[in-house]
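Read through the structure below, which is laid out as structure tokens, and then see the notes.
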Protein chains: 2
Amino acid sequence: MTYPVVGMVGGGQLARMTHEAGIPLGIRFRLLSDTPVESAAQVVGDVVVGDYRDLNTLREFARGCDVITFDHEHVPGDHLRALLEDGIAVRPGPDALRFAQDKGEMRQRLHALGVPCPRHRPVADPADVSAFAAEGEGFPVVLKTVRGGYDGKGVWVVRSESEAADPFRAGVPVLAEEKVDFVRELAANVVRSPHGQAVAYPVVESVQVDGVCDTVIAPAPELPAERAVAAQELALRIAEELGVVGHLAVELFETRDGRVLVNELAMRPHNSGHWTQDGAVTSQFANHLRAVLDLPLGDPRPRARWTVMANVLGGDYPDMYSAYLHCMARDPQLKIHMYGKDVKPGRKVGHVNTCGEDLADVRARARHAADYLRGTITE
Amino acid sequence: MTYPVVGMVGGGQLARMTHEAGIPLGIRFRLLSDTPVESAAQVVGDVVVGDYRDLNTLREFARGCDVITFDHEHVPGDHLRALLEDGIAVRPGPDALRFAQDKGEMRQRLHALGVPCPRHRPVADPADVSAFAAEGEGFPVVLKTVRGGYDGKGVWVVRSESEAADPFRAGVPVLAEEKVDFVRELAANVVRSPHGQAVAYPVVESVQVDGVCDTVIAPAPELPAERAVAAQELALRIAEELGVVGHLAVELFETRDGRVLVNELAMRPHNSGHWTQDGAVTSQFANHLRAVLDLPLGDPRPRARWTVMANVLGGDYPDMYSAYLHCMARDPQLKIHMYGKDVKPGRKVGHVNTCGEDLADVRARARHAADYLRGTITE
């Protein structure tokens, strides 16, 4: 057998869908999962249960893998450097991942590269937040812990100095950013190989609700072509400058005055790329694998005029499977992607993709299915 | 957790690809595999290693499954009846599967239904084969053991009585059939649910080389629309009359005089349906699962004007993975599906799918990739 072994750290839905995309490649997929019941651990054959924060566990897991990649960005950089010293290929590597792990380092590096970002600086305490506000347009100000945040966690919008105490309680460095007056959020997804090949997916619109991605529309409607190309070029440049290998999601603000600013980076398959499973020639998961294996990348072009992804959040009704009957009967083209997770209110437990020629229809079909699966509508 | 458990008997590539298609549905997939290294066993999380010919093993496996389905048609009917008596849903059931397991019963039943078949009858010995030949157009005559054949095994074309001895040596009943003067082979693939819903995929052309499927073209080029619809209706009717649940492949001969005759039946995902993974809105594997779970079926329509599937057979060169580099770089739209099998000369180890607007181009791309992976061409 000459097929390589890809080791993926983290048992979430991104690993689950990466395994799915790896089956046709004939590669071996090995998973390091916190528990045997995680989303990916349910469907992968070769699962090691262990804690990625423990270096010995990680080393033991990596032995026999041809390359290590990630479902999340939480593996300590020192651990990854130890793997590199062991001769293991780590993709993306620690020197790239630090910019996805630490928002302070990310801002500093992007600023140095001349990449347009929201006004920002580290802040020491609530009084310093007031000073930051005074340096610009005043309150509100966005505060972020530099590490550990996701899906709106670790992010606060504060309207006064007195509201600014919470973020400092965890003892993690805090970054202040201007509250950008954006018209919408975009995402530019690219994939880059060690040998420097890169592909860019169409720029998408990402609709957030309560800080959580709700809907993604591919391509972003009415985005001027030159702005779309500029966003793709920006993402490709960031991938190259930061030495990213694999999938890179660049979350963007489109401002009222027509600028595009970088909000966040993610160096792994990303929620804003889930539409590619059914809407692109090659999915983000397949291309992430091809990149970390240093294989030529697949065509990122869309297969339909419009694709809409809607996240399925947990609601009050625990039995989503029963809802398949109505959803599938109503829309034979609907693509359901569930993660094998127990339903908890607000938890992302799956997503749906719809494709077609008419955006309003494609969007309505995705919305209906996501709402029906959640249980917020009953017909 | 309310998601059902699907138990699949047999660890081959059909189970591997069915598992792949089941991951997005969030269902639980349990595999009964002869060994832990079979194609599907490499990628499935929940694997029971055991012999499906042993009723206790099968019963133990089925316990806790909501439905049992199959990678192959070799499970004895009596075992399946025992599972039904245990209260297990078996799909397709033994009363349908017998017509895929026994070519004699299949011919008898299709004949009774008035389905056009090659002239046929059971034969007792070589002299009886001569008599069968004399009843029609003479030699050559096709001889088939009624059980156990696949991919050209268990099938002989004999040109004289003296050539007709071999098929009788195994002690299995032998069926004689006229050697049909066909212009090409077609396949009509349909999927049927317990509640009677059914979908028909476009009729495809199946190009056989040495009795093994080599290439599938979807849809079959220049097939008159009324003949295509007639073939679909025929397959739908067979599925209903035989009570098939799940995927049914009806392999057909298109004769020089414009008739369509049934060659073989397969009651499981089938090589002639592999093109649906990349060329149809819903793959045969996803629809097989939806059928055995009695979920509404997915849209079977094509996603491209032409899709070509080419099987990758083992050649002299064992390392197919190295060949990915050239194939993927040459054709970023190429879809490779490998089965995790060791290369042996002539063994089906994978397939490729290509899609596009121009048939000659789509076909050439598939041919190139299959030949390059096999090692019969080097550029």
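The values are calculated or read from the model by the stated rules, or taken from the named source; none is laboratory data. This is a predicted model, so every value here is computed, not measured. Cβ: placed from backbone, ideal geometry, glycine included. Neighbour counts: every protein chain shown. Ligands, DNA and RNA are excluded from the accessible area calculation, which covers all protein heavy atoms including side chains. Shrake-Rupley method; radii C 1.70, N 1.55, O 1.52, S 1.80 Å.
Between B:Thr282, B:Thr255, which is under 27 Å from A:Pro24 (Cβ atoms) and of a type in the set (Val, Ile, Thr)? Among B:Thr282, B:Thr255, only B:Thr282 is under 27 Å from A:Pro24 (Cβ atoms) and of a type in the set (Val, Ile, Thr).
The lone criterion from (1) open to solvent by 20 Å² or more (accessible area, probe 1.4 Å); (2) hydrophobic (A, V, I, L, M, F, W, C); (3) farther than 23 Å from B:Asp46 by Cα left unmet by A:Leu83 is number (1). Condition test on B:Gly11, is it of a type in the set (Gly, Ala, Ser), closer than 17 Å to B:Leu289 by Cα, within 13 Å of another protein chain (Cβ to nearest Cβ) and in a helix (DSSP H, G or I)? In short, no. Determine, yes or no, whether B:Glu233 is more than 16 Å from the chain's Cα centre (by Cα), assigned by TED's automatic domain parsing to the domain that holds B:Ala187 and without any contact (Cβ under 8 Å) to a residue 60 or more places away in the chain. When the stated conditions are applied, B:Glu233 passes them. For the range A:344-355, a residue qualifies if it is touching a helix residue (DSSP H, G or I) at 6+ places or on another chain (Cβ under 9 Å), closer than 16 Å to A:Gly12 by Cα and open to solvent by 10 Å² or more (accessible area, probe 1.4 Å), and exactly one does: A:Lys348. Of the set (1) open to solvent by 10 Å² or more (accessible area, probe 1.4 Å); (2) farther than 28 Å from B:Arg305 by Cα; (3) within 14 Å of chain B (Cβ to nearest Cβ), all apply to A:Arg256 but (3). For B:Ala249, the conditions (1) in contact with a Pro (Cβ under 9 Å, 6 or more places away or on another chain); (2) within 14 Å of chain A (Cβ to nearest Cβ); (3) in contact (Cβ under 8 Å) with a residue 60 or more places away in the chain are fulfilled apart from (2). Might you let me know whether the range B:326-333 holds any residue that is without any contact (Cβ under 8 Å) to a residue 12 or more places away in the chain and either open to solvent by less than 20 Å² (accessible area, probe 1.4 Å) or more than 9 Å from every other protein chain (Cβ to nearest Cβ) (or both)? Yes, that holds for at least one residue. Among all positions in the range B:335-342, there is at least one residue which is touching a Ser or Thr at 6+ places or on another chain (Cβ under 9 Å), outside any strand (DSSP E or B) and of a type in the set (Ser, Thr, Tyr). Considering only residues of the range B:295-325 that are small (Gly, Ala, Ser) and surrounded by fewer than 21 Cβ atoms within 10 Å (Cβ to Cβ), which is nearest to A:Pro4 (Cα to Cα)? This residue is B:Ser322. Picking from residues in the range A:129-188 that are hydroxyl-bearing (Ser, Thr, Tyr) and assigned to a helix (DSSP H, G or I), the one that is modelled with the lowest pLDDT is A:Ser162. Screening A:Gly45, A:Gly138 for residues that are among the small types (Gly, Ala, Ser) and buried (at least 19 other Cβ atoms within 10 Å of the Cβ) leaves exactly one candidate, A:Gly45.
So B:Ala364 clears everything in (1) crowded, with 21+ Cβ neighbours inside 10 Å; (2) outside any loop (DSSP other than H, G, I, E, B) except one condition, right? Which one? Only one criterion in (1) crowded, with 21+ Cβ neighbours inside 10 Å; (2) outside any loop (DSSP other than H, G, I, E, B) is unmet by B:Ala364, namely (1).
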